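The values are calculated or read from the model by the stated rules, or taken from the named source; none is laboratory data. Everything numeric in this text was worked out from a predicted model, so none of it was measured. Neighbour counts are summed over all protein chains in view; Cβ atoms, including those assigned to glycine, are modelled from backbone coordinates with ideal geometry. Protein only, heavy atoms only, side chains kept; ligands, DNA and RNA dropped before computing areas. Shrake-Rupley method; radii C 1.70, N 1.55, O 1.52, S 1.80 Å.
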Amino acid sequence: MVDLRAQAEKYVSWWNRENASPLVNSYYPKDLPFGGLDVDVPVDELAARALANAEALHHAPVPQDSLITARVNFGTVLYPAVAGAEAKFEANTSWAVHTADSIDEVKILPFDPGHSIYRAYLMRLEVLLEQWSWDTYLPVPSDYAGPFDILSAFMGPENLMVEMMSEPDAVRAAADAAAQFTIDVIRFEKELFRSAGFREWSPTLFGSWQPGWAGLFVEDFSALVGPHHYRDLMLEPHRRILEEFDTALFHTHSAGCKNNLEMLALPESVAFEFGNDPGGPDTEQRLETARAIMGDGRPLMLGSWSIPLPDEDMNRIVDTLPAEGLDLHFQCTSAEQADVLYRQIKSGERIVGKDARVAKSE
């Protein structure tokens, strides 16, 4: 069984940049009892599904440093849908439908806990908040959508990028409205989690344990723009949102590396997570960004979700970055590979390829 209190202590060290070795949480194929979205899962079945998945993770064959968490999964369009975007939900995915061609056509609704989609989400979230324990799982909120992810759900990223250049004032006003929507969601859910016992520290969707009320903030759209537009249009609404947390974890894609120096103007309570994208940047460019983040005294999650890295790239990352405040998330093709990788990194061994692992084990 995984000791969740001990896992949380690892993240206390990570947050304080006192961990002697990197935290390691590899991605690998997992055989969990239940998956997919929870939109159509009956409320009275949700706790049993969460407990079954948690039990499987407690007995997983691969050591990991992250917490075992449970979420209500409505996909990435939960909050855009509640903000008024048209959304579609299926058993395993959800997506937004483009309904606006210009920024003037985007109308952000005020946050309403009684909205039909949010009400369905909230009923399920309350079950997780009631059933959690240190012996099973820790409940986490969904990822909080950034204002530009919300706007692009209404009009598509291409249209939004054009409007950022041609109608910056209108985009700024719409982003402010979307930011206020997300702020109101955060304030509402903060009280839910505090009432469930999470006050001094709390878990995030990516398995970290962070001081105070913590959340995972996501702005994938930031990977599509450069520093000028990030600084001019995105930085201030991001600051407003992130100041609502005691601490936060900011996720963006590695293509957003070009904006990470601008993002370091955000509150010191913000840590960062980014992985790698099929089109780059390469490992050396990502390391440059990682060094800047960690050099600013911020914890970092650095990963390669869905894209396995060559051994030499993984060794380069481990050799280059300080262990203190570093949480590595590498993609593995099997549980066996993830198990060996964990032990190699923790012991300070070189990361070696499949043939070498087999030879060594024999």
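How far apart, in nm, are the 7 Å Cα→Cβ label points at Asp44 and Thr93?
About 3.4 nm, to one decimal.
Give me the percent of accessible area attributable to carbon and sulfur for the chain, probe 1.4 angstrom.
Looking at the chain in its full context, I get 51 percent from C and S.
I need the peptides 131-143, 241-253 ranked by packing, meaning the mean over residues of other C-beta atoms within 10 angstrom, with the highest value on top.
241-253, 131-143
List, in order, the whole-Hz ³J(HN,Hα) value for each residue of segment 26-34 obtained from phi through the Karplus relation with A = 6.51, B = -1.76, C = 1.60 and θ = phi - 60°; use x for Gly and Pro.
My calculation for segment 26-34 gives 6, 7, 7, x, 10, 9, 8, x, 9 Hz in order.
From Cα pairs below 8 angstrom and at least 6 apart in sequence, can you work out the relative contact order of the chain, rounded to a whole percent?
The normalised contact order for the chain reaches 21 percent.
Roughly how many Å² of Arg199 are accessible to a 1.4 Å probe, to the nearest 10?
Per-residue accessible area (Arg199): approximately 150 Å².
What percent does the relative contact order of segment 1-129 come to when contacts are Cα pairs within less than 8 Å and at least six residues apart?
Relative contact order here is 27 percent.
What is the sum of charges, Lys and Arg at +1 and Asp and Glu at -1, for the other residues whose Cβ falls under 10 Å from the Cβ of Met1?
-3
In deg cm²/dmol and to the nearest 500, what is the mean residue ellipticity at 222 nm of the chain if only DSSP H runs of at least 4 residues count, each as -39500 (n - 2.57), divided by the residue total?
Details: 13 runs with 152 residues, N = 362.
The per-residue figure over the chain is -13000 deg cm²/dmol.
State, to one decimal in nm, how far the label point of Ala52 lies from the label point of Trp134, with both points 7 Å from Cα in the Cβ direction.
2.8
Each residue of segment 109-122 in order: what ³J(HN,Hα) in whole Hz does its phi give by Karplus 6.51 cos²θ - 1.76 cosθ + 1.60, θ = phi - 60°, with x for Gly and Pro?
Listing the rounded values in order: 6, x, 5, 10, x, x, 3, 4, 5, 5, 4, 5, 5, 4 Hz.
Two decimals is fine: what is log10 I(q)/I(0) at q = 0.12, 0.13, 0.15 Å⁻¹ for segment 25-108, from a Debye sum with one equal scatterer on every Cα and no solvent?
With no solvent term, the Cα-only Debye profile gives -0.51, -0.57, -0.70.
Could you give me the ³J(HN,Hα) list for segment 320-335, computed from phi with Karplus coefficients 6.51, -1.76, 1.60 and θ = phi - 60°, whole Hz, x at Gly and Pro?
Karplus values, whole Hz, x for Gly and Pro: 8, 8, x, 5, 5, x, 10, 10, 9, 10, 9, 7, 10, 8, 7, 5.
Could you please state, rounded to a whole Å, how far the C-alpha centre of segment 261-298 is from the C-alpha centre of segment 9-65?
Taking the Cα centre of each part, segment 261-298 and segment 9-65 sit 24 Å apart.
As a test of reading the structure, rank His229, His329, His59 by solvent-accessible area (1.4 Å probe, protein chains only), most first.
Greatest to least solvent exposure: His59, His229, His329.
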